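Engineer: Below you'll find the structure I mean.
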Amino acid sequence: MSPSAPDAATAAHPHAADAKSAARCPFHVEAPLTTSRRMREECADLHEAAEQGDFARAMVAATLTREQYADFLGQMHAAMLVLDQRLAEARATTPAIEALVDDAQMQAPNLRADLEFLAVQPSSVLPRRGSISLIDAANHWAAANPLGLLGLHYVREGANNGNRYVALKLRKAWAHLWDTARPDGFRHLDPYGIDQRPRWDRFKATLDAQPLTPAQQDTLVHAARDMFKAITAIHEDAASA
Ligand code: HEM
């Protein structure tokens, strides 16, 4: 899976991939562990597990029902409403959040629009185990260390890469239900359309430009792992609904 692809530095130095000979080589310079590289590599196990889940597989195979999809969006909305609020509050005190998180990245408005299109009242949704664990994680990091909120956000912003692929599959499978060429019903899974990849590359470049210490990077990785676990729990709730 692409998150573990070798980077440019490895290709440039003949024996960089072979750690032992690299360690002996007086000319070998280890590529600096950028924040985004640490996030990708130190969460790769949870990404793999998230992709292998029943609900993720049903999304990629486009075998889930419209009702399961609406239930999933409802649980995500209940949680992302809180994370959006915590991020907006932390912008004033956390420069990295101010630098990275613009309004287009806030997820509750797209989730609300999708739910209303699917005739579900967002305020009628009761959060279940997974959604509650994400709400608790957002409130925990907001109180303990607001930089952690950016770790939670990194995962939901990165997930848009796979979500866009899932939206393509569902659009094809549900074309008999509504005009799926339009954004209706897919604003959450595909918020940026063809701008997805350039936006993600800009996001990672801006993150890597932030002067974060290794301890601050640890905070981001810790929070990102919390987020993978919370979204995987929301998937499990939707799969068993
Ligand atoms: C439904 C199955 C999924 C598929 C097919 C999928 C696919 C992808 C793809 C193709 C990328 C782009 C990798 C690159 O940068 O080249 C990606 C990145 C990412 N995905 Fe997934 N994904 C899935 C599920 C998930 C889930 C459930 C989460 C969150 C809980 C998630 C979080 C992420 C993150 C954070 C990244 C960015 C990785 C990085 O560069 O740090 N994905 N995914």
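Engineer: Using a 1.4 angstrom probe and counting only protein chains, how large is the accessible area of His140 in Å², to 10?
Structural biologist: Per-residue accessible area (His140): approximately 90 Å².
Engineer: Taking a quarter of the surface of the convex hull around the Cα atoms of region 142-241, what do you get in nm²?
Structural biologist: Across all orientations, region 142-241 yields a mean hull projection of 8.0 nm².
Engineer: Could you check which residue among Ser133, Ser123, Ser36 shows the biggest mean-square fluctuation in a GNM of the chain with a 10 Å Cα cutoff?
Structural biologist: Top of the fluctuation ranking is Ser123.
Engineer: Output the 0 to 90 degree angle, nearest 10, between the alpha-carbon long axis of helix 160-173 and the longest principal axis computed from the alpha carbons of the chain.
Structural biologist: 40 degrees
Engineer: Quick one: what are the phi-derived ³J(HN,Hα) couplings along region 183-200, Karplus 6.51/-1.76/1.60 with θ = phi - 60°, whole Hz, x for glycine and proline?
Structural biologist: x, 3, x, 10, 5, 6, 6, 9, x, 10, x, 5, 7, 4, 5, x, 5, 5
Engineer: Taking only Cα atoms, what is the 0 to 90° angle, nearest 10, from helix 66-90's long axis to the longest principal axis of the chain?
Structural biologist: 60 degrees
Engineer: As an exercise, find the ratio Rg/Rh for region 102-143 from alpha-carbon atoms, using the Kirkwood inverse-distance average for Rh.
Structural biologist: Result for region 102-143 is an Rg/Rh of 1.04.
Engineer: A further question follows. Across region 35-239, what fraction of all alpha-carbon pairs, as a whole percent, falls in each successive 5 Å bin from zero upward?
Structural biologist: With 5 Å bins starting at 0, P(r) equals 1, 7, 16, 21, 22, 17, 10, 5, 2, 0, 0.
Engineer: While we're here: Using packing as a proxy for protection, rank 199-212, 79-92 so that the peptide with the highest average count of other Cβ atoms within 10 Å comes first.
Structural biologist: Highest mean packing first, the order is 79-92, 199-212.
Engineer: Under 12 Å from the Cβ of Lys169, count the other residues' Cβ atoms, weight Lys and Arg +1, Asp and Glu -1, and hand me the total.
Structural biologist: Net charge around Lys169: +3.
The values are calculated or read from the model by the stated rules, or taken from the named source; none is laboratory data. Given the structure is predicted, the values throughout are model-derived calculations rather than measurements. Cβ: placed from backbone, ideal geometry, glycine included. Neighbour counts: every protein chain shown. Remember, those area values only see protein heavy atoms, side chains included, never the ligands or the DNA or RNA. Shrake-Rupley method; radii C 1.70, N 1.55, O 1.52, S 1.80 Å.
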